[in-house]
Amino acid sequence: MLPCLMAVITFVLILAARISYLKKREAEDKRAFWEREREADKAPTRDITDLPYINIPIDKFPLDKAENEEELSAVKKIRELTGNGILNLSDYTNTDLKLMYGPKNLDRLKACDENFLTMEKNLLTLSDARIAAGDFKNALIYLEFLSACRSDLSSVYIDSGTCLRELRMPGKIRILMEYVPSLHLTLESKVLKSLEADLVAIGEENIVVSDQSGSEIHR
């Protein structure tokens, strides 16, 4: 009985110490957050005129291929975004933005980020429709633009691989596989495996994949 009792007491003590540590860590994190937030609220207003705003290349998109109501609605929304401020700010929190550009610019920057999300959603709608129609060449135009804008949606890169596979462009698949790790996607491993499968499907099995640690995996 005594060894069992000692084991229980030891476990309880360890658990109590762990809970105490986590509570202390949580309190420290909260203090750090609010201190950073106070600092952000006092940050000076900076000029945002020359930020890397995204221009939608309307003339280069195959918008005339839209066939149904959903596609036509997406085309309308894309046209409405033309000329508006569009920024991909997915890597930044509101606190980050206030620290960088001042709290007075926050609403404008959030609107630009919302425009990016709207653009991203509707271009994916158009690319999905082209893929469903077997029009991989035109689907790829939308997807490559989103890739160049550093979209963090895994479907952009998985769908790109599908198009490149169907168009038999293994060189571009390899380039995409080298590019994906720089995006730090949540589903990076899934994307790379999908792209690898696309290469295998067109007889390009001998490849080198970089995992999330940067190490090379030879296949």
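The values are calculated or read from the model by the stated rules, or taken from the named source; none is laboratory data. Not measured: the values here are computed from a predicted model. Cβ placement follows ideal geometry from the backbone for every residue including glycine, while neighbour counts extend to all protein chains displayed. Calculation scope for accessible area: heavy atoms of the full protein, side chains included, ligands and nucleic acids excluded. Shrake-Rupley method; radii C 1.70, N 1.55, O 1.52, S 1.80 Å.
Note on the chain: GNM, Cα springs under 10 Å; of A40, A27, A16, the largest mean-square fluctuation is that of A16. Note on K121: lysines with a C-alpha under 20 Å away, same-chain residues under 8 apart excluded, are K60, K65, K76, K77, K110, K137.
Just so you know, the Cα atoms of the chain work out to an Rg and Dmax of 24.0, 81 Å. The residues of the chain expose on average 62 square angstrom of accessible surface per residue, using a 1.4 Å probe on protein heavy atoms. Along the chain, the longest continuous region that contains none of the GluC sites (Glu not before Pro) in a DSSP loop with at most 14 other C-beta atoms within 10 Å is 68-204.
Which of S160, S151, S73 moves the most in a Gaussian network model of the chain with Cα springs under 10 Å? Looking only at S160, S151, S73, the biggest GNM fluctuation is shown by S73. Apolar share of the accessible surface for the chain: 55 percent from carbon plus sulfur atoms, 1.4 Å probe.
So what's the net charge close to K104: Lys and Arg +1, Asp and Glu -1, counting the other residues with Cβ under 14 Å from its Cβ? Local net charge: +2.
Amide H contacts for I48 (H built 1.01 Å from N in the peptide plane; partners 5 or more residues away or on another chain; cut-off under 5 Å): none found. Taking a straight line from the alpha carbon of K42, these lysines sit under 17 Å away, with near neighbours fewer than eight places off in the same chain left out: K98, K104.
Here the range 21-95 is assigned +1 on the Cβ of each Lys and Arg and -1 on the Cβ of each Asp and Glu. Its dipole about the Cα centre then comes out at about 500 debye. In this simple spin-label model, placing a label point 7 Å from the Cα along the Cα-to-Cβ direction at both L167 and T82 gives a separation of 2.2 nm. Only the Cβ atoms of Lys and Arg (+1) and of Asp and Glu (-1) were treated as charged; on that basis the dipole of the chain about its Cα centre amounts to roughly 740 debye. One equal scatterer on each Cα of the range 70-181, no solvent, Debye formula: the resulting log10 I(q)/I(0) at q = 0.19 Å⁻¹ is -0.97.
When the Gaussian network model of the chain links Cα atoms closer than 10 Å, the mean-square fluctuations of Y157, Y21, Y142 top out at Y21. Of the DSSP H helices in the chain, those with a Cα length along their own long axis of 27 Å or more and a mean Kyte-Doolittle hydropathy reaching -0.5 comprise 2-41, 106-132.
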